[in-house]
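Worksheet: the structure to be examined is printed underneath.
The values are calculated or read from the model by the stated rules, or taken from the named source; none is laboratory data. The structure presented is a predicted model; accordingly, all values stated were derived computationally and were not measured. Cβ: placed from backbone, ideal geometry, glycine included. Neighbour counts: every protein chain shown. The protein model used for the area step is the full one, side chains on, heavy atoms only, and it has no ligands, DNA or RNA in it. Shrake-Rupley method; radii C 1.70, N 1.55, O 1.52, S 1.80 Å.
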Amino acid sequence: MIRECAGVELTTVLYDVADGVATITLNRPDARNAATFEMEEELVHCFGTADDDPAVGCIVLTGAGKGFCAGDDVTKAWGDARMEETLAELAGPNPPVTPLVTAMLGCDTPTLAAVNGAAVGIGMDMALLCDLRIASEHARFAQLFVKLGLVCDVTGLWLLPQIVGRARAAELLLTGDMVDAAAAQALGIVSAVVTADELLPAAHGLAQRIAANPPLAVRAIKQGLRLAAGRTADDLPVLARFVGNNLSTLFTTADHHEAIQAFLERREGHFTGN
């Protein structure tokens, strides 16, 4: 892991690329990786860098130490001039979607959260913003905003109901209850629970399987999933147009022809993104 990403020195996260996978590690272990303005800015930069890197086929987000992310670090926020600017922006007529939500939702590279401990508040949001989530046995999840007298971000209102259903999302949001890894798996928040020692190997193994596939097809599928989110049967023409436009291009790619040849020759394909 390195403390630099595309020429920017990192102080709160680590960044590394190996075997087609970019790993972004929240790196404030003494504070259970509680989020700060600096961390969010560095995450936006790292996700953008990884998404633009043709060597990266999947992004893994995890936390250093025993926690994934314990929410916002309120001790760092209050008294920071950026907090006053943020409050003024939120009170305006058209508050924007936060830069981190925009960066993670707009990422065309598949993202995977390896949740190693408590994922609370914005920490749970970060996990939800990833396409896939696996957890260690020590993981816990909570949308604690209501207990702090706050409303959740758009992630809780929009993404969480898509993942667990409206009623279960309402229960989690309105109670602020904490759920453990087993309950999170039962709810569909995570797809697998493994031991702490197995978490990163499992995450990187899954990420490498994704990264090994033809990059243009992987990105098209992710774009399609994002386009389809929350739509009804009335929107099928929109999705059919997306599928048709992408297939008309993908059928002509070198990677598609390589995939067919590899299948016929019973070997692994070697894809270039062309």
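Could you tell me whether C107 is closer than 22 Å to V8 by Cβ, in contact with a Gly (Cβ under 6 Å, 6 or more places away or on another chain), in contact (Cβ under 8 Å) with a residue 40 or more places away in the chain and surrounded by 14 or more Cβ atoms within 10 Å (Cβ to Cβ)?
no
Among (1) within 29 Å of A22 (Cβ to Cβ); (2) modelled with pLDDT under 95, which single condition is L148 missing?
It is condition (1) that L148 fails.
N94 - would you say it is out of contact with any His (no Cβ under 6 Å at 6 or more places or on another chain), outside any helix (DSSP H, G or I), at pLDDT 95 or above and of a type outside the set (A, V, I, L, M)?
no
List every residue pair whose Cβ atoms lie under 6 Å apart, where the two residues are 6 or more positions apart in sequence or sit on different chains, the first residue falls within the range 238-249 and is farther than 9 Å from A220 by Cβ, and the second residue, located anywhere, is part of a helix (DSSP H, G or I) and open to solvent by less than 80 Å² (accessible area, probe 1.4 Å).
These pairs meet every condition: L239/A228.
Among the residues of the range 218-237, which ones are touching a residue at least 40 places away in the same chain (Cβ under 8 Å), under 14 Å from T109 (Cβ atoms) and open to solvent by 50 Å² or more (accessible area, probe 1.4 Å)?
Answer for the range 218-237, where residues must be touching a residue at least 40 places away in the same chain (Cβ under 8 Å), under 14 Å from T109 (Cβ atoms) and open to solvent by 50 Å² or more (accessible area, probe 1.4 Å): R219, Q223, L225, R226.
Show the residue pairs that are 6+ apart or on different chains and have beta-carbon atoms under 7 Å apart, the first residue being within the range 171-196 and open to solvent by less than 50 Å² (accessible area, probe 1.4 Å), the second being in a loop (DSSP other than H, G, I, E, B) and at pLDDT below 95.
L173/C152
Only one of (1) under 30 Å from F145 (Cβ atoms); (2) under 20 Å from the mean Cα position of the chain (by Cα); (3) part of a helix (DSSP H, G or I); (4) modelled with pLDDT of 95 or more is not met by E171, so which one is it?
All conditions pass for E171, except number (2).
How many residues are open to solvent by less than 50 Å² (accessible area, probe 1.4 Å) and either in contact with a Leu (Cβ under 9 Å, 6 or more places away or on another chain) or outside any helix (DSSP H, G or I) (or both) when one looks only at the range 47-79?
17
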